[in-house]
Amino acid sequence: MGDELTRRISEFVQHAVFIAGSEDEHGNEIEAWGDPVPVGIYALDPGGTSEPVISGHDRVITKPTIYVPDVTVFGARDEVIARGLRYEVEGDTLTWRHPNGLRPGNVIELKRVDG
């Protein structure tokens with residue numbers, strides 16, 4: 001396989017790791033994330049949106065996918081800032097291998113709920 005099969009980083013996102021068991025100054029459990037760090041990705045698929053009506057609230061749910069090098073693994077509940085928007089990582093990082101033999105990469109599904 002030659003250079004024509006080499007993937008290149010196309011853009012960067014910010015990745016913030018979820019910190020389980022975090023507490024506020026009063027000892028109450030809170031959700032917290034580490035400082036975001038830049039991570040190179042191969043591609044961002046903007047995915048689709050849905051507009052379910054839940055409990056009388058209008059919501060828009062966006063579910064993009066990012067494709068990353070095979071050494072990149074994000075945890076469920078981590079956050080990603082991509083193109084100026086904040087998303088939660090949904091589920092596990094998955095390994096992907098193209099049928100024509102391209103080097104494997106990882107797939108990370110994201111989710112954003114507005115409304």
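Measuring max minus min along each principal axis, the C-alpha atoms of the range 63-115 give extents of 42, 18, 15 Å (largest first). Identify which of H98, H26, H15 has the largest mean-square fluctuation in a Gaussian network model of the chain, with springs joining Cα atoms closer than 10 Å. Maximum among the listed residues: H26. Around the amide H of R59, modelled in the peptide plane, lie the amide H atoms of I54, all under 5 Å away and 5 or more residues distant in sequence or on another chain. For the chain, the Cβ-based charge dipole about the Cα centre amounts to some 600 debye (Lys, Arg positive; Asp, Glu negative; other atoms uncharged). Given in Å, the Rg to one decimal and the Dmax to the nearest whole number for the Cα atoms of the chain are 16.6, 58.
For the range 2-81, run through the GluC sites (Glu not before Pro) and keep only the ones in DSSP coil with at most 13 other Cβ atoms within 10 Å of their Cβ.
Numbers: sites: E4, E11, E23, E25, E29, E31, E79; in loops: E25, E31.
Answer by residue number: E25, E31.
The phi torsions of the range 25-34, fed into the Karplus equation with coefficients 6.51, -1.76 and 1.60 and a -60° offset, translate into couplings of 5, 9, x, 7, 5, 9, 8, 8, 10, x Hz, rounded to whole numbers, with Gly and Pro shown as x.
Of G21, P46, L110, which is farthest on the positive side of the dipole of the chain, counting Cα position, with +1 on Lys and Arg Cβ, -1 on Asp and Glu Cβ, and the Cα centre as origin? My answer, from the dipole projection, is P46.
Rule-based calculations on the coordinates, nothing more; no lab input. Given the structure is predicted, the values throughout are model-derived calculations rather than measurements. Note that we place each Cβ from the backbone using ideal geometry, even for glycine, and neighbour counts take in every protein chain shown.
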